Amino acid sequence: MVCGGFACSRNSLAALNVLYILVSFILIGVAAYGRLSAIVTSLTLVGSLIACGVFLFFIALTGLIGALKHHQVLLFFYMIILFLLFLLQFSLACACLAFNSEQQQDLVERGWNLSSDATKNDVQNQFQCCGFRDQDLLNGSLGHPPCVKVNLGCCHDSDAICCSGNSNGTKTCPCDKCSEKLQMQIHAAFKVTGGVGLFFSFTEIIGVWLAMRYRNQKDPRANPSAFL
């Protein structure tokens, strides 16, 4: 049977959704590992990754069941949801690739403003930096928790306000700014995120096309005489 046949369409759609299920398990596993190993202490970030993994799992499961059973209703809803996901992911991927350095810094700065102290501690500990731009500001949108809490080497025996949180500190901050440490990583993250998002968005539109094609094909096992 040629690849455009019923069995090939069914197997291709099933294989694509098995791949999505594996990706969803990877997302959930990475989030759980990061939380258990104390690499990531922000419950919001962990919860977001797990939510994305669970959402992708249920979409893929719907597509897999619809493919195996040739279920018209499941395949219809699978097509609609996957197409909407394609539009969203394609738009975000193009936006990530189109951002210049200033726009990237501005977006990350806004993310820092909205982050909890736990998330800021994660960043400061991971990249051995203190504060985003203004290292002496401990309160306000660009503030940060005292860096001594994450045992930074640059804060050892320093009474600077960025390290100790003591407003009477006289020394200047001995640590690098996180904006400087993160510059290359931010640029690479935007490009990788945009590239991966663009790649997966095209797999999603292929899934929509496969589901639509497979949904309109006749099952030869249900009516063999139609193919005689």
For the pair Leu88/Thr172, report the inter-label distance in nm, with labels modelled 7 Å from Cα in the Cβ direction. 4.6 nm
Given H placed on each backbone N at 1.01 Å, which residues far from Gly131 in sequence or on other chains put an amide H within less than 5 Å of it? Cys178
Derived scalar couplings ³J(HN,Hα) [the stretch 194-199; Karplus, 6.51 cos²θ - 1.76 cosθ + 1.60; whole Hz; x for Gly, Pro]: x, x, 5, x, 5, 4
Approximate spin-label separation Leu114-Phe202, in nm, with each point projected 7 Å along Cα-to-Cβ: 3.0 nm
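Taking 41 Å as R0, compute the FRET efficiency from the Cβ-Cβ separation of Val73 and Gln126 and round it to 0.05.
Working: r = 46 Å, r/R0 = 1.13.
Calculated transfer efficiency: 0.35.
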For a quick check of understanding: with a 1.4 angstrom probe and all protein chains in place, what accessible area in square angstrom does Lys218 have, to the nearest ten? 140 Å²
One finds, for Gln103 and Phe55 with R0 = 25 angstrom and r their Cβ-Cβ distance, a FRET efficiency to the nearest 0.05 of 0.35
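The values are calculated or read from the model by the stated rules, or taken from the named source; none is laboratory data. Quantities reported herein were computed from a predicted structural model and do not represent experimental measurements. Here the Cβ is made from the backbone with ideal geometry for all residues, glycine too, and neighbour counts use every protein chain on show. Accessible surface is based on the protein model in full, side chains and every heavy atom, while ligands, DNA and RNA are left aside. Shrake-Rupley method; radii C 1.70, N 1.55, O 1.52, S 1.80 Å.
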